[in-house]
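Q: One structure is given below, represented as structure tokens, and several questions about it will come after.
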Amino acid sequence: MTAPGKLVRYPADEEARYVREGLWESPTIAEHLHAVAREHGDRDALVCGRDRLTFAELDRVTDQRAAGLHRLGLAPGGAVLLQVHNTVNTVIAWYALLKAGLVPVCTLPLHRGHEIGEIARQTSPVAHLVAARDPRFDLVGFAFQQAEAAGVERTVLVSDGRAADPRAAELDTLGDDIDAAEARAVVEGIQAGLGRQSLAVFQLSGGTTGVPKVIPCLHAPYWHYGASLARAMGWAPGDRIAFLMPIVHNAGVIIGLHGPHSVGATLVLGVPDAAAALDLVVGAAATDVVLGPFAFDLALEPGLAAATALRRVLFSGKKVPAKHMETLAARGVWGGQIFGMSEGLCLTTPLAFPPEARAASVGVPISPADEIRLYEPGTEVEVAPGEVGELCARGPYTLRGYYDAAEHNRRAFTADGFYRTGDLMAERTIGGVRCYTVEGRIKNMISRGGEKINTEEVELLLGSHDAVAEAALVAMPDPRLGERACAFVVTRDGRPLDLAEVRAHFERLEVAKYKWPERVVVLPEMPRVSQVGKIDRRRLRQIAEALGVETP
Ligand code: AMP
């Protein structure tokens, strides 16, 4: 069970306001899906390869899975680690867990012992759902090892294939024998016990401190997040939204699942592979596609001319080159940007924005109740319009505190509850409209193709190597992924250290591979910012940019 004392909720007066203004709706996320299914039952909720599922089918099968999970003894409130891929069964699992009152934890199939051990310590999961088959790794064996290492009882659930280990439960048939009406009654009974501020989902923070932070997403705020995005994008029943980044991730849940589903639109689900993006968009007659940094170049593909249903392309995660927007405009396709975070606050360029504002800014917040302040970093002093400041946010879906992190929360929020995002923005007027532009960040984070690397976490891992006296990790610009990680180290007694040894060290520590440095530079001493003695990270970034990625 997740402990209530660790959860920071919204103050009662804010809840009353959000309810009064119609932003926080009852019921729960699962019951929203049920309501949408009653209205749009025959429409496709999901298209994935050759498979499709209507809302009515999705609603019925997720009721049965939820009743099956309940019958297994997984009581409401328990957290469930997820390490699964972009498949139909994953979408079913998502809503089934929510219907069973369980709390999905958005861990990735790429996570290993270093990540899962710590996240499990923080969230005390009752179950671990893994893909039966993973091209890189035995996730099923790993799930059992993790539970054993922690010395706890944890149900291992498998999806998308048979479980080789008889101790594991197969999720994809669970509850098939339960009558639909009976399953519905079980789900309704569970959901009746949940409120607007009940815990729905755990997301992971991209970059805060050395220890990963867990974000509690509550039912009404989290549904409002997706529904606000759908409204901002003008999504409607019949729209087909193609999404190819990992679906069990905040962007996936909001842009891929809850957003489209809140309005009866279809998720066209692909896999994180740029080469497959064109076929996905053309083959499924997508009306919209959301592109992460690794797939931006789809906008330049001549073959996109065959995507006759395509109306909108939404770029996410890094600055969009002007050429991409111009190419789309020449084809009569709307191009725009989205900026969002697992902690909450999300901005998009409104449909009616002029092209120059859609090209140069990330637009405006998606909810009418979002509040933004741009403060001089570390202060609560607002910068003048047009100047760069730290983006601080409060609103109906932005977190009020990380889970079980009282001390960190004191630094991460202003006195009046604004979340200090660590991102730098400026408020500008472009093409006659007021909008926000991304101007960098002050938090210790590298964004590798949208996956976030916490530099402090990796520096601590580097520091645990015998040869390392001091380490600093900085972003190295990369045309495909946006950024990659470059490690600068000072070694003890001038000992040699190379990329291969650093990577072997990270493998021994069971660290997810996307966090492994992609260049290692040994320095005689760290460059310092004069006077204060802090590491001169700007200088390191310049060196990294000149060097580029190293071939391991
Ligand atoms: P995550 O919580 O993993 O979605 O990461 C959120 C962070 O990604 C934000 O705080 C930003 O630093 C970064 N980010 C999100 N969208 C954009 C964007 N459109 N351009 C640049 N950075 C972005």
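The values are calculated or read from the model by the stated rules, or taken from the named source; none is laboratory data. The structure displayed is predicted, hence computed values, not measured ones. Using ideal geometry, Cβ is built from the backbone for each residue, glycine included, and neighbour counts are taken over all protein chains shown. Heads up: the accessible areas ignore ligands, DNA and RNA and are worked out on the full protein's heavy atoms, side chains in. Shrake-Rupley method; radii C 1.70, N 1.55, O 1.52, S 1.80 Å.
Q: For segment 331-352: of the residues being of a type in the set (Gly, Ala, Ser) and outside any loop (DSSP other than H, G, I, E, B), which is farthest from residue 229 (Cα to Cα)?
A: That would be 335.
Q: If you don't mind, another one. Using beta carbons and a limit of 6 Å, which pairs, at least six apart or on different chains, have the first residue in segment 168-181 and among the β-branched types (Val, Ile, Thr) and the second one in a helix (DSSP H, G or I)?
A: If the second residue must be in a helix (DSSP H, G or I), the pairs left are 178/64; 178/67.
Q: Here is a follow-up. So, in segment 198-234, of the ones that are open to solvent by 20 Å² or more (accessible area, probe 1.4 Å) and more than 16 Å from the ligand (Cβ to nearest atom), which residue ends up farthest from the chain's Cα centre (by Cα)?
A: 234
Q: Any residue at all in segment 200-209 that's in a helix (DSSP H, G or I), in contact with a helix residue (DSSP H, G or I) (Cβ under 8 Å, 6 or more places away or on another chain), closer than 24 Å to residue 340 by Cβ and touching a residue at least 24 places away in the same chain (Cβ under 8 Å)?
A: Within segment 200-209, none of the residues are in a helix (DSSP H, G or I), in contact with a helix residue (DSSP H, G or I) (Cβ under 8 Å, 6 or more places away or on another chain), closer than 24 Å to residue 340 by Cβ and touching a residue at least 24 places away in the same chain (Cβ under 8 Å).
Q: Okay, moving on. Within segment 497-507, is even one residue over 24 Å from residue 362 (Cβ atoms), open to solvent by 30 Å² or more (accessible area, probe 1.4 Å) and touching a residue at least 60 places away in the same chain (Cβ under 8 Å)? Talk me through it step by step, then tell me what you get.
A: Just the residues of segment 497-507 that are over 24 Å from residue 362 (Cβ atoms), to begin with: 497-507.
Subsequent filtering for residues that are open to solvent by 30 Å² or more (accessible area, probe 1.4 Å) retains 498, 500-501, 503-504, 507.
Filter once more, so that each one left must be touching a residue at least 60 places away in the same chain (Cβ under 8 Å): none.
Taking every residue of segment 497-507 in turn, none turns out to be over 24 Å from residue 362 (Cβ atoms), open to solvent by 30 Å² or more (accessible area, probe 1.4 Å) and touching a residue at least 60 places away in the same chain (Cβ under 8 Å).
Q: Shifting gears a bit: In the set 283, 189, which member is in the same structural domain as residue 110 (by TED's automatic domain parsing), without any contact (Cβ under 8 Å) to a residue 12 or more places away in the chain and either of a type outside the set (Ser, Thr, Tyr) or open to solvent by 10 Å² or more (accessible area, probe 1.4 Å) (or both)?
A: That would be 189, the only listed residue that is in the same structural domain as residue 110 (by TED's automatic domain parsing), without any contact (Cβ under 8 Å) to a residue 12 or more places away in the chain and either of a type outside the set (Ser, Thr, Tyr) or open to solvent by 10 Å² or more (accessible area, probe 1.4 Å) (or both).
Q: Would you confirm, using the coordinates I've provided, whether residue 479 is open to solvent by 20 Å² or more (accessible area, probe 1.4 Å) and either modelled with pLDDT of 95 or more or of a type in the set (Gly, Ala, Ser) (or both)?
A: no
Q: In segment 235-257, which residues are within 12 Å of the ligand (Cβ to nearest atom), of a type outside the set (A, V, I, L, M) and either more than 28 Å from residue 122 (Cβ to Cβ) or in contact with a helix residue (DSSP H, G or I) (Cβ under 6 Å, 6 or more places away or on another chain) (or both)?
A: 246 - this is the single residue of segment 235-257 that is within 12 Å of the ligand (Cβ to nearest atom), of a type outside the set (A, V, I, L, M) and either more than 28 Å from residue 122 (Cβ to Cβ) or in contact with a helix residue (DSSP H, G or I) (Cβ under 6 Å, 6 or more places away or on another chain) (or both).
Q: A follow-up question, please. Could you please find all residues in segment 145-165 being modelled with pLDDT of 95 or more and closer than 21 Å to residue 70 by Cα?
A: 147, 152, 154, 155, 156, 157, 158, 159, 160
Q: Quick one: residue 424 ticks every box in (1) surrounded by 20 or more Cβ atoms within 10 Å (Cβ to Cβ); (2) not in a loop (DSSP other than H, G, I, E, B) except a single one, so which number is it?
A: For residue 424, the failing item is (1).
Q: May I ask you to list the residues in segment 365-416 that are surrounded by 13 or more Cβ atoms within 10 Å (Cβ to Cβ), β-branched (Val, Ile, Thr) and over 19 Å from the mean Cα position of the chain (by Cα)?
A: Across segment 365-416, the qualifying residues are 372, 383, 388, 414.
Q: What tally of residues in segment 353-364 results from selecting those that are in a strand (DSSP E or B) and either away from the ligand (no atom under 13 Å from the Cβ) or aliphatic (A, V, I, L, M) (or both)?
A: 1
Q: Still on this model: Tell me, which residue of segment 44-81 that is open to solvent by 70 Å² or more (accessible area, probe 1.4 Å) and in contact with a helix residue (DSSP H, G or I) (Cβ under 6 Å, 6 or more places away or on another chain) is farthest from residue 171 (Cα to Cα)?
A: Ranking the candidates gives 51 first.
Q: Further question on the same structure: Could you tell me which of the residues 253, 186, 281 is assigned to a helix (DSSP H, G or I), more than 21 Å from the chain's Cα centre (by Cα) and closer than 30 Å to residue 303 by Cα?
A: 281
Q: While we're looking at this one, here's another question. Across segment 309-322, which residue is nearest to residue 351 (Cα to Cα) among those that are more than 15 Å from the ligand (Cβ to nearest atom) and either buried (at least 22 other Cβ atoms within 10 Å of the Cβ) or in contact (Cβ under 8 Å) with a residue 40 or more places away in the chain (or both)?
A: Looking at residues that are more than 15 Å from the ligand (Cβ to nearest atom) and either buried (at least 22 other Cβ atoms within 10 Å of the Cβ) or in contact (Cβ under 8 Å) with a residue 40 or more places away in the chain (or both), I get 312.
Q: One residue is enough: does segment 449-457 have a residue meeting the conditions open to solvent by 60 Å² or more (accessible area, probe 1.4 Å) and within 14 Å of the ligand (Cβ to nearest atom)?
A: Taking every residue of segment 449-457 in turn, at least one turns out to be open to solvent by 60 Å² or more (accessible area, probe 1.4 Å) and within 14 Å of the ligand (Cβ to nearest atom).
Q: Name the single residue that is farthest from residue 490 (Cα to Cα) among those in segment 512-524 being touching a strand residue (DSSP E or B) at 6+ places or on another chain (Cβ under 6 Å) and not hydroxyl-bearing (Ser, Thr, Tyr).
A: If we take residues in segment 512-524 being touching a strand residue (DSSP E or B) at 6+ places or on another chain (Cβ under 6 Å) and not hydroxyl-bearing (Ser, Thr, Tyr), then 515 is farthest from residue 490 (Cα to Cα).
Q: List, please: which pairs have Cβ atoms under 9 Å, are six or more places apart or on different chains, and start with a residue in segment 291-308 that is farther than 15 Å from residue 482 by Cβ and end with one that is crowded, with 20+ Cβ neighbours inside 10 Å and of a type outside the set (A, V, I, L, M)?
A: Final answer for the pair search is 299/315; 299/335.
Q: Condition check: in contact (Cβ under 8 Å) with a residue 40 or more places away in the chain, of a type in the set (Lys, Arg), open to solvent by 20 Å² or more (accessible area, probe 1.4 Å) and not in a strand (DSSP E or B). Does residue 484 satisfy that?
A: Taking the combined requirement at face value, the residue does not satisfy it.
One line per residue, one yes/no per condition, for (1) in contact with a Phe, Trp or Tyr (Cβ under 7 Å, 6 or more places away or on another chain); (2) surrounded by fewer than 18 Cβ atoms within 10 Å (Cβ to Cβ); (3) not assigned by TED's automatic domain parsing to the domain that holds residue 429:
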| site | (1), (2), (3) |
| --- | --- |
| 329 | no, yes, no |
| 334 | no, no, no |
| 340 | no, no, no |
| 343 | yes, no, no |
| 349 | no, no, no |
| 353 | no, no, no |
| 357 | no, no, no |
